[in-house]
Each structure stands twice: as C-alpha cells, then as structure tokens.
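Participant: One structure, pasted below without further comment.
The values are calculated or read from the model by the stated rules, or taken from the named source; none is laboratory data. This structure is a prediction, so every number in the text was calculated from the model and none was measured. Neighbour counts run over all protein chains shown; Cβ positions are idealised from the backbone, glycine included. Just the protein is used for accessible areas: all its heavy atoms, side chains included, with ligands, DNA and RNA removed. Shrake-Rupley method; radii C 1.70, N 1.55, O 1.52, S 1.80 Å.
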Amino acid sequence: MVDSFGRKINYLRISVTDRCNLRCIYCMPPEGVKLIDHGKILTYDQIADFTRVAVSKGIDKVRITGGEPLVRKNIATLVKMLSSIQGIKDLSMTTNGILLEEYAHTLKESGLMRVNVSLDTMDPAKYKEVTRGGDLFAVLRGLVAAKAAGLSPVKINCVVEQNRHEADAVDVAGFTDKMGYQVRFIPKMDLESGSFGVVDGGNGGDCAACNRLRLTPSGMLKPCLFNDMELDILSLGYATAIEAAIAAKPSKGKCNHTGNFYNIGG
Ligand code: SF4
C-alpha cells in the first residue's frame, strides 16, 4: 500500500491491551487510568482476521504492543494465529520484560521472531522509581531467557530526555554491547503538545519515511500516532477502514488529544 505522499505502508502495530503491570512515570499518570471495558477489547479472532486482510493489502511487518502485551491472557495463542498468516515476514513484540523469563520459550515456539524490551536505566533503585515499583533484575533475567529461546535480535528501547549521551543511556548502551543486544534511544514524547523526535537507532518518528498504522485494543485504526484521527474497524469493515486510513494518513504528526501511549502502544 502506498499513501498519498508516496510512502510504502507495510507495518502494523497492534496494541492488544491497555493494561500493564508497571506504572512508568512518563506513560501513566499517578492517579491511575480509566481502562477500556473488557467487552470493548478486540478478541484474538478479530485481531487475526483484521491482520489477514491487512496482509492481503501489503502489510508484512507486525508488532504486538500494549500496555504490556504479556499481561493479556493466552497471548501466545494470538502469536500462533498471527504467525500462521502467510505474508508476514517480521513478527515482533514490545514488552517491559517483567514477565519475559516466563514466556520467552512459549512465544518463540508460537512463532514470535524477536522482541524489543524497555530499559531506561541500569540502576535498580532508579528503575523502581521510573516504573513505580518495577524489578530491574526480572527484566535482566527476561532478556537472558529471550536470547536463550532464540528470539533474535533482542533490542532494547531506552527512553531518553534528549539523547544517547545521558548517563543512564550510556550505561544501558554499555550493557547492551556486553550482552550482544541492540539498543535504540527514544526521545521522550508528549502526545498533547506534539513533541517527538526520530528514534536514534530505529526509524520511528521519521514522518517522511513513515510506514506504519496502529490498531488500538478497542479496534480503532490510527493512521498516525500524533493525530486524533481513528477509524472503527468493526463499524467500517476491515478493508474499508484500512483504505480510509491510508487515504487519510497525514504527511506528518502534529498532536494527539484523544489517545494515550498505554492504549495506542507507542
Ligand atoms: S508522527 Fe505520524 S507520520 Fe510521523 S512517524 Fe509517527 S505515525 Fe508516522
């Protein structure tokens, strides 16, 4: 699929839940969040059926995100369903890694190819503070399990204030070098104000080369993260929603007043 700016759109990011087992300070407000009713969350059959249509139109790269995808029940079942769709060349997941030690092998056996794990600091106390209670060592064990399971490459998503020269980012880079993981530095984003930057070591945030669509847990298809536009795949129909999203995809992001990172999936 090619949008009206000549960009090839082949990447679908699927947020399977707005729930998470962490409360990162730059993602979730201290007072907590109003979660989507269970009844409004897409079923695995709906997600797989939608993805099959999207693949028939040119999507070949799929990423499972959240919230935290590993807190959704039987997530390996969805991985198996997606990995059986002919035409998907790259099936990955973004996770905070807290439950990865438990799931890595099952995910690999179900057809997952690789993982991105969020890690902003190597300091256990600071990690606990940034995630409001997370255990850094659980993530480190999860990374080892991911590599042992054959998920490859194992990539680290490191959120930075500005850039990779910050002390925590330098520590994370040193760690990933030593362990043979790949690291990407994601400048902090703000949906409301529309502040975002290009991912250092990746291609997110580069509007001129944007290749992605996003599906929210409640079935809204978003042409752009930094835009309020969303299309209801259930009322429009899968094919119509995809065509409309491609036609409406903006040249670049501005701001988003309707969504949140935990229910769009970054
Ligand atoms: S802001 Fe929108 S157009 Fe720009 S890279 Fe992100 S999703 Fe693509």
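Participant: Restricted to the stretch 1-34, and to residues that are of a type in the set (Val, Ile, Thr) and in a loop (DSSP other than H, G, I, E, B), which residue is most open to solvent (accessible area, probe 1.4 Å)?
Facilitator: Ile25
Participant: A further question on this structure: Counting only residues that are over 24 Å from Gly204 (Cα atoms) and open to solvent by less than 20 Å² (accessible area, probe 1.4 Å), which one in the stretch 141-159 is nearest to the chain's Cα centre (by Cα)?
Facilitator: Gly142
Participant: Still on this structure, please answer the following. Considering each residue of the stretch 86-99, count those that are hydroxyl-bearing (Ser, Thr, Tyr) and either without any contact (Cβ under 8 Å) to a residue 60 or more places away in the chain or open to solvent by less than 10 Å² (accessible area, probe 1.4 Å) (or both), and give that number.
Facilitator: So the answer is 2.
Participant: I'm checking my understanding of the structure. Among residues of the stretch 232-241 that are buried (at least 20 other Cβ atoms within 10 Å of the Cβ) and not β-branched (Val, Ile, Thr), which one is farthest from Ile41 (Cα to Cα)? Working first, answer last.
Facilitator: First, pick out the residues of the stretch 232-241 that are buried (at least 20 other Cβ atoms within 10 Å of the Cβ): 233, 238, 241.
From what's left, not β-branched (Val, Ile, Thr): 238, 241.
Details: Tyr238: 16, Ala241: 17 Å.
The qualifying residue farthest from Ile41 (Cα to Cα) is Ala241.
Residues are listed down the side, and each one gets a yes or a no for (1) assigned to a strand (DSSP E or B); (2) touching a Gly at 6+ places or on another chain (Cβ under 9 Å); (3) surrounded by 15 or more Cβ atoms within 10 Å (Cβ to Cβ):
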| site | (1), (2), (3) |
| --- | --- |
| Phe175 | no, no, yes |
| Pro217 | no, yes, yes |
| Met229 | no, no, yes |
| Ala244 | no, no, yes |
| Ala247 | no, no, no |
| Gly253 | no, yes, yes |
| Asn256 | no, yes, yes |
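Participant: Counting just the residues of the stretch 207-257 that are among the polar types (S, T, N, Q) and either touching a residue at least 60 places away in the same chain (Cβ under 8 Å) or within 14 Å of the ligand (Cβ to nearest atom) (or both), which one comes out farthest from Thr17 (Cα to Cα)? Quick ask: steps written out before the conclusion?
Facilitator: The initial filter retains those residues of the stretch 207-257 that are among the polar types (S, T, N, Q), namely 211, 216, 218, 227, 235, 240, 251, 256.
Now restrict to residues that are either touching a residue at least 60 places away in the same chain (Cβ under 8 Å) or within 14 Å of the ligand (Cβ to nearest atom) (or both): 211, 216, 218, 227, 251, 256.
Numbers: Asn211: 22, Thr216: 8, Ser218: 8, Asn227: 20, Ser251: 28, Asn256: 19 Å.
Step by step, filter the stretch 207-257, then rank; the result is Ser251.
Participant: Name the strands (runs of 3 or more DSSP E) wholly inside the stretch 60-163 in which the number of residues that are in contact with a Phe, Trp or Tyr (Cβ under 8 Å, 6 or more places away or on another chain) is 2 or more.
Facilitator: Output list reads 61-65, 154-160.
Participant: Please indicate, with yes or no, whether at least one residue in the stretch 181-198 is within 12 Å of the ligand (Cβ to nearest atom), in a loop (DSSP other than H, G, I, E, B), in contact with an Asp or Glu (Cβ under 7 Å, 6 or more places away or on another chain) and of a type in the set (A, V, I, L, M, F, W, C).
Facilitator: Yes, the stretch 181-198 contains at least one residue that is within 12 Å of the ligand (Cβ to nearest atom), in a loop (DSSP other than H, G, I, E, B), in contact with an Asp or Glu (Cβ under 7 Å, 6 or more places away or on another chain) and of a type in the set (A, V, I, L, M, F, W, C).
Participant: Just one of Ser83, Ser118 is closer than 23 Å to Gly180 by Cβ and open to solvent by less than 60 Å² (accessible area, probe 1.4 Å); which is it?
Facilitator: The unique qualifying residue is Ser118.
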